[in-house]
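Asker: Below is the structure I would like to discuss, written out as structure tokens.
The values are calculated or read from the model by the stated rules, or taken from the named source; none is laboratory data. On a predicted model such as this, the values are computed, not experimentally measured, just so you know. Here the Cβ positions follow ideal geometry from the backbone for every residue, glycine too, while neighbour counts run over all protein chains shown. Remember, those area values only see protein heavy atoms, side chains included, never the ligands or the DNA or RNA. Shrake-Rupley method; radii C 1.70, N 1.55, O 1.52, S 1.80 Å.
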Amino acid sequence: MFSLIISIISIALVAALAAATVYFGGAAFNKGSAGADASTFVNAGQQISGAFTLAAADGFNPTTVAELNTGLGTGTIKEVYLAQIPSYKGTGLDGIVTNGAVGKYVVSEVSDQVCAEIVKRAEGNEEAVKTQATFAPAGLYGCVKSTEKVTPVGGTEIAAEKHVAFYKAY
């Protein structure tokens, strides 16, 4: 009888510990996944930026990410700078937004937490995500909450009031 009581108490304690871990550790797990998603987006942007730089060094002027994947040049030999288009959350990062003379940016819609993590990495602090009237990125990468829709060339349109992560392609 004593063993049965000890077993029941042990099971109850393990269940309580598991519930406390899920309740109190949930924020840590979400923050970790937001950090991983931010790293995925930034790394994909670095790959695309590097491919644009290599193409420019070879004398090509690609206008979309898809051109880097399908090949540039004439004749039988085409230069391919990306074996595949990097993706974020299963969607290929092939949308380019031109920002005047500042440059061209690869963009993607991201969640609030991922946007905050990207801003933290870009600016080195926990500063709130900036809201801008139009998509006007500054810097190599970052994230803004755009108040107007963003329509990337070759990509998926991002509605107004959404978080837009960006990485400067060139």
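Asker: In what sequence, highest mean first, do 62-68, 151-157, 162-168, 7-13 appear when ranked by Cβ atoms within 10 angstrom? Don't skip to the answer; put the middle values down first.
Answerer: Values: 62-68: 19.9, 151-157: 15.9, 162-168: 23.9, 7-13: 10.0.
Peptide ranking by packing, descending: 162-168, 62-68, 151-157, 7-13.
Asker: For GLU148 and LEU17, what is the calculated FRET efficiency with R₀ set at 30 Å and r taken between the beta-carbons, to the nearest 0.05? Numbers along the way, then the final one.
Answerer: Numbers: r = 49 Å, r/R0 = 1.62.
E between GLU148 and LEU17, to the nearest 0.05, is 0.05.
Asker: Also, quick follow-up: Tell me the accessible surface of ILE85 in square angstrom (1.4 angstrom probe, heavy atoms of protein chains only), to the nearest ten.
Answerer: Accessible area, nearest 10 Å²: 50 Å².
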